[in-house]
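Reading through the structure tokens given below for one structure.
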Amino acid sequence: MFKSFVLPLLLCAFTAQVFAQIDPNQLVNEEKMKPRGQRYESNVPDTLDLAEQARLALNNQVNNMEPTQAYCVYQVFTFGNPPVQGGLTWNLPVKNARGLPVLRVMCGSEQGLDTEAALMRTLLGQIKEDGLMYVPVENDGAPKDTAYPNASGMLIQAAKNWFERDGNPEWLKVIQTVGKALADIAIKVEDRAYYPPESGYQRGQWLWTMRGEATIPYRPPEEPYMEQQGLEGCVKYEQAAPLRGLVINHLLNQDAHCGEVAHKVKNFCLKPGLWEDTSAFGYQGHEHGVFAGHFHGNLTSLHALLDVANMENDSWLKQMLREAYEHGKRTGAIRLGWFPGMLRPSAMTWKEYGRDPKIFLASETCGVADMLVLAVKMTDSGLGDYWDDVDAIVRNHLTAQQITDFERMKQLGGAENEAILKRFWGGFNQSMEGWINSTAPHLWGCCSSNGAMGLYYAWHGITRFENGVARVNLFLNRASDWMDID
């Protein structure tokens, strides 16, 4: 069941945008999707090889989708005999469309090119006259026939990766179309703008997710007043993907309006109520990046805010985000690359928060990868040298959460189920007391897509080349145009 609430604003009628001129069948070119480069054999030390990890992650992403259900992703895969798949959702396939191009860059695999092409054609085919991408099926996510801002924002990120892969300027039209639409539907209040969390847009209405009732009450399209409202309980996360989409369109298409709306969404994300109240300790949590609640949800918003800080050259915001990263480190164990799944808000008991205290012990791959990606992005933004953190995270936890031992998979899921086990080979688990060593561990669709992005950022950072100078940041295997590191 879901409830609908009419958006109490007069919305301007949308006009058909440039997407109508784009044919997905012409835009998606399998030949241009193939990895480019040279292949050769070499003897290297038998150490951690992120390219091999990427090959297995790619296997999982091209197989953990249902073509008959518009390429919905299975959110949960539970080992047992037989294994059980569940939680088909259309919230996630666009993350696979974002990640597959960079995984191919890492490992050179051409596996599942036809599936990747069909996935993107399906996504593009769901962009309607108003420029938004609409959900085509009943699923465990946004209601059918609604546009989920998170997914539309993620589509822009995917289109950017596809544009960088094949150089086709038509991708810029997709980015512009969806970016303008996201800017139009953002709810503007004074100097702020926001997207109702966990809700889909449909002709001026916002419909609540199909996943279930809110743990902490929220009624779309009201402006959230605290971070933990809703079912998932991560309000800033719901702003992050559309915010990044706005920034990308502003930068690639010089769209000033999207830049203005991005600034307003940033202002919403900086509201004091969305951060921890630390005034009793003599300082303001929102001024120093002190967050609580869903770890992955908070970290994802930090990525988007850093994009805005770089776009606007906002030195104060950059420093605040550096403090937020350090806060994330304090809550975990950086040498192990371990971070908690959720942090209890200081103003609530676990019961009031509506979560099991054990969820603190769940180290979700999404959050682990987020910390790694943020460390790379902050280093690239000149906020410090965080390569030691990246090294610890990728070696000690991120790759350990990827299921790569197929013999162990057969022990857990039954050798007679080898065919389905191969589909999910290379996905990511999340470590939790009683889970990681249990007889029925899980793979997660969200963790598998976000974990893959963590692999890419670490691999890309192993060595960089700029202005005639090669730099080595991590002692991990990598072949590159300018240097092979063994």
Stretched fully, the stretch from Thr331 through Ala470 gains (0.36 nm per residue minus C-alpha distance, one decimal, in nm) 46.6 nm
Using the Cβ atoms and a cut-off under 13 Å, what net charge is assigned to the surroundings of Tyr194, where Lys and Arg are +1 and Asp and Glu are -1? -1
Taking a ≥ b ≥ c as the square roots of the eigenvalues of the Cα gyration tensor, with a/c under 1.5 meaning rounded and otherwise prolate when a/b exceeds b/c and oblate if not, the stretch 121-207 is oblate
Might you tell me the accessible area per residue for the stretch 241-387, computed with a 1.4 Å probe and given in Å²? 38 Å²
No solvent, one uniform scatterer per C-alpha: report log10 I(q)/I(0) for the chain via the Debye equation at q = 0.05 1/Å, two decimals. -0.17
If you add up the charges near Gly153, with Lys and Arg at +1 and Asp and Glu at -1, over every other residue whose beta carbon is less than 10 angstrom from its beta carbon, what do you get? 0
Lys358-Tyr283 pseudo-label distance in nm [points 7 Å out on the Cα-to-Cβ vector]: 3.5 nm
Considering only protein heavy atoms and a 1.4 Å probe, what is the carbon-and-sulfur percentage of the accessible area of the chain? 50 percent
Place a +1 charge on the Cβ of each Lys and Arg in the stretch 328-393 and a -1 charge on the Cβ of each Asp and Glu, then give the dipole magnitude about the Cα centre in debye, rounded to the nearest 20. 400 debye
If you count only protein heavy atoms with a 1.4 Å probe, what accessible area per residue comes out for the stretch 145-204, rounded to a whole Å²? 28 Å²
Where a ≥ b ≥ c are root eigenvalues of the Cα gyration tensor, a/c under 1.5 meaning rounded, otherwise prolate if a/b exceeds b/c and oblate otherwise, the stretch 156-215 counts as prolate
Distance in nm between pseudo-label sites at Glu222 and Asp385 (7 Å out along the Cβ direction from Cα): 5.0 nm
Which entries of Lys34/Lys377; Lys32/Lys377; Lys34/Lys144; Lys32/Lys160; Lys144/Lys264; Lys160/Lys236 show an alpha-carbon separation above 25 angstrom in the structure shown? Lys34/Lys377; Lys32/Lys377; Lys34/Lys144; Lys144/Lys264
Classify the stretch 280-321 as rounded, prolate or oblate, taking a ≥ b ≥ c as the square roots of the eigenvalues of its Cα gyration tensor: rounded when a/c is under 1.5, otherwise prolate if a/b is larger than b/c and oblate if not. oblate
Only Lys, Arg, Asp and Glu count, each charged at its Cβ (+1, +1, -1, -1), so figure out the dipole size of the stretch 20-137 about its Cα centre, rounded to 20 debye. 160 debye
Farthest toward the dipole's positive end in the chain, which of Ile185, Tyr218, Gln61, given Cβ charges of +1 (Lys, Arg) and -1 (Asp, Glu) about the Cα centre? Tyr218
First measure r as the distance between the Cβ atoms of Lys422 and Glu110, then evaluate 1/(1 + (r/R0)^6) with R0 = 25 Å and state the FRET efficiency to the nearest 0.05. 0.90
If you average 1/r over every pair of different alpha-carbon atoms in the stretch 341-420 and take one over that average, what Kirkwood value in Å do you get? 15.7 Å
With each label point set 7 Å from Cα along the Cα-Cβ vector, what nm distance links Glu52 and Asn29? 3.5 nm
Which order do you get for Leu119, Leu251 if you rank them by accessible area with a 1.4 Å probe, largest at the top? Leu251, Leu119
Taking the Cα centre of the chain as origin, sum charge times position over the Cβ atoms of Lys and Arg (+1) and Asp and Glu (-1), and report the length of that vector in debye to the nearest 20. 340 debye
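The values are calculated or read from the model by the stated rules, or taken from the named source; none is laboratory data. Note that the coordinates shown come from a computational prediction; the quantities given were computed from them, not determined experimentally. Every residue, glycine as well, gets a Cβ built from its backbone with ideal geometry; the counts of neighbours run over all protein chains shown. Each accessible area value is taken on the protein alone, full model and side chains, heavy atoms only, with ligands, DNA and RNA left out. Shrake-Rupley method; radii C 1.70, N 1.55, O 1.52, S 1.80 Å.
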